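The values are calculated or read from the model by the stated rules, or taken from the named source; none is laboratory data. Remember, it's a predicted structure, so these values are computed and weren't measured experimentally. Neighbour counts run over all protein chains shown; Cβ positions are idealised from the backbone, glycine included.
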Amino acid sequence: MTAIVGVVHGGAVHIGGDSAGVSGYVIHPRADAKVFTTGAYAFGFTTSFRMGQLIRWAWTPPGPPASDLDRFMATTFIDGVRECLKTGGWAGKENERETGGVFLVGVAGRLFSIDSDYQVGESALGYDAVGSGDEIAMGALYATARSRMSPRKRLEVALEAAERFNGNVRGPFNFVSTPVD
C-alpha cells in the first residue's frame with residue numbers, strides 16, 4: 001500500500017512518499033501525508049496511517065547524539081518508538097515478541113529503515129525504499145544514482161515508476177528533508 005523512498009545527499013536526507021490508502025482493491029488518496037519532519041528527523045511510513053499518526057503526533061524523538069548514532073538508533077530511539085506505539089494501542093505482541101511497523105527515518109545525514117520487528121537497518125547505497133512499491137522504486141533509484149539529478153527529482157522518478165508499475169501506489173507525492181548535518 002505504499003512507496004516511501006529516501007536519498008542521502010549533501011549532508012541531508014530527502015524522503016518522498018505517495019498518498020494511497022489501500023483497502024483490498026480500493027485506493028483512497030489521502031490528504032494526510034506519509035512523510036513528515038519532527039525536529040532533526042525526517043520520517044516516511046508504510047504499514048498503517050495510525051502508526052504514522054502516533055509517531056508524528058504522540059511522540060517527540062530525543063535529539064540525536066554527537067557520536068555513536070548506530071547504538072542510539074538501535075536502543076534509545078527504538079525504545080521510544082516501541083513505547084509510543086504500545087501507549088497508543090497500536091503495537092502488536094505474539095509469542096512474547098513485539099511488532100510495530102515499517103518506516104524510513106533520516107537523521108544526522110543518515111537514512112535508516114525500521115522493520116516491523118524494530119530492526120534498524122542502514123543501506124550501504126545511500127538510498128532506500130519501503131512499501132509495496134519498494135522494488136520498483138529501488139530500481140529507479142539505482143538507475144539514477146550516477147545521474148546529475150537533484151535528490152528531489154530522483155525521488156520523483158522512483159515514485160512515478162512505482163506508481164506506474166504497482167497498483168497500490170498513487171500520487172500526489174509528498175517530500176521532506178532533514179536539515180543539513
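Can G17 be described as touching a Leu at 6+ places or on another chain (Cβ under 6 Å) and of a type outside the set (D, E, K, R)?
So G17 fails the test.
Among the candidates G100, G6, which residue alone is in contact with a Phe, Trp or Tyr (Cβ under 6 Å, 6 or more places away or on another chain), touching a residue at least 40 places away in the same chain (Cβ under 8 Å) and small (G, A, S)?
Among G100, G6, only G100 is in contact with a Phe, Trp or Tyr (Cβ under 6 Å, 6 or more places away or on another chain), touching a residue at least 40 places away in the same chain (Cβ under 8 Å) and small (G, A, S).
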Of the numbered conditions (1) in a loop (DSSP other than H, G, I, E, B); (2) surrounded by fewer than 16 Cβ atoms within 10 Å (Cβ to Cβ); (3) within 18 Å of the chain's Cα centre (by Cα), S67 fails exactly one; give the number of that condition. (3)
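Here is a yes/no grid of residues against (1) in a loop (DSSP other than H, G, I, E, B); (2) in contact with a Pro (Cβ under 7 Å, 6 or more places away or on another chain); (3) closer than 22 Å to W57 by Cα:
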{"residue": "F77", "(1), (2), (3)": "no, yes, yes"}
{"residue": "K93", "(1), (2), (3)": "no, no, no"}
{"residue": "L111", "(1), (2), (3)": "no, no, yes"}
{"residue": "L125", "(1), (2), (3)": "yes, no, no"}
{"residue": "I136", "(1), (2), (3)": "no, no, no"}
{"residue": "V157", "(1), (2), (3)": "no, no, no"}
{"residue": "N168", "(1), (2), (3)": "yes, no, no"}
Residue in segment 85-93 that is closer than 19 Å to V8 by Cα, surrounded by fewer than 13 Cβ atoms within 10 Å (Cβ to Cβ) and modelled with pLDDT of 95 or more present: no
Could you check Q119 against (1) at pLDDT 95 or above; (2) touching a strand residue (DSSP E or B) at 6+ places or on another chain (Cβ under 6 Å) and say which number it fails? (2)
Which pairs have Cβ atoms under 7 Å, sit 6 or more apart or on different chains, and link a residue in segment 119-144 that is farther than 12 Å from V169 by Cα and of a type in the set (F, W, Y) to one that is at pLDDT 95 or above and assigned to a helix (DSSP H, G or I)? Y127/L141
Output the number of the condition that V5 fails; it satisfies all remaining conditions of (1) out of contact with any strand residue (DSSP E or B) (no Cβ under 9 Å at 6 or more places or on another chain); (2) more than 17 Å from F77 (Cβ to Cβ). (1)
From the list V35, V26, which one is under 21 Å from F173 (Cα atoms) and at pLDDT below 95? V26
